[in-house]
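Presented below is the structure to which this report refers.
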Amino acid sequence: MEGIVRGDESVQLLVYCGHPFFGHSNIIRYTNRPFKSVGEMDYELIRRWNERVQKDDVVFHLGDFCFKETKDRNAKYYLDQLNGQKIFIAGNHDRNNSLRTCIQDIRIYLGGKHLLLIHNPNESTYGFDLVLAGHIHNRWLVKEYKFGKYRWHVFNVGVDANRFRPINIQEILIEYDKWRKGIINDKGEPIIGRVG
C-alpha cells in the first residue's frame, strides 16, 4: 500500500473526512445514520476508525469533527480514543468545538495525483487531478464542478458516503475510476447494465 515512509516502516496515509460529528444526536436523523443513539454512533465511529488506522498512520480529517461539546465530551475526549497522527482541516461546525485548526485546505501529491483537500466542495477550484472534500454528508460520492470552461471532479470522503470509516487513496481512486467509466453513478450506486 502506498504511504509515507518513515525509516524502515511504511505508514499508510488515510483520508477521513468529516462529518463524524461525534456527540451530535441530530446528525443521526439528518443523514439517516443507522444508529439508535449518539452513544452507539460514537462507539461505532471510533471502532471503525481504529479498525483501519494504526498508531503511526497519517489521517487527514476534512472538517466537522465533533459538535457542541459538553464538560465530559469534548474534542480531546474523542481524540484520545482515536489512532493515528491527525491533520485537521477546518469545517464550518468546528467553531463549535475546542478543536483549533487554522488549516483551510491542503494541496498534496499522492497516488500519482495532485490533490486538493478541502472541507466544503463549493470552495474548491480547478487545477487538480481530484479534489477531496466533505461537507455534503451523503448527497453524492463524486461530482463534476464547472466554472466557465473549467471542469474538475470532487470526491466526497465524508463518513456518511463511505460506510462510516476512513478511506485510503487507493479506495478513492478505484471508486473515482468506476465513476469516470460510468460504472457507478454520482451516489456511488452501480449503473444497471454496466459491469466494472
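A short reminder: the numbers here are calculations on the coordinates, not readings from a lab. This is a predicted model, so every value here is computed, not measured. Here the Cβ is made from the backbone with ideal geometry for all residues, glycine too, and neighbour counts use every protein chain on show.
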Ranked highest first by the average count of other Cβ atoms within 10 Å around their residues, in what order do 171-179, 27-35 fall?
-> 171-179, 27-35
Expected max-MSF residue from His119, His61, His153 in the GNM of the chain (alpha carbon, under 10 Å) is His153
So what is the relative contact order for segment 3-180, in percent, with contacts set as C-alpha pairs under 8 Å and at least six apart?
-> 23
By per-residue mean of other Cβ atoms within 10 Å, what is the highest-first order of 16-24, 125-133?
-> 16-24, 125-133
When all alpha-carbon pairs of the chain are counted, what percent fall beyond 25 Å?
-> 34
Greater than 18 Å apart at Cα, pairs in Lys143/Lys187; Lys149/Lys181; Lys36/Lys86; Lys143/Lys178; Lys113/Lys178 = Lys149/Lys181; Lys36/Lys86
Angle, helix 169-180 long axis vs. longest principal axis of the chain, Cα atoms, 0 to 90°, nearest 10?
-> 40
Computed, not fitted: 222 nm per-residue ellipticity of the chain from DSSP H runs ≥ 4 (each -39500 (n - 2.57)), nearest 500, equal to -5500 deg cm²/dmol
Just how many % of Cα pairs in segment 69-180 lie over 21 Å apart, if you round to the nearest whole percent?
-> 40
Please give the helix 38-52 orientation as an angle from the longest Cα principal axis of the chain, in degrees from 0 to 90, rounded to the nearest 10.
-> 60
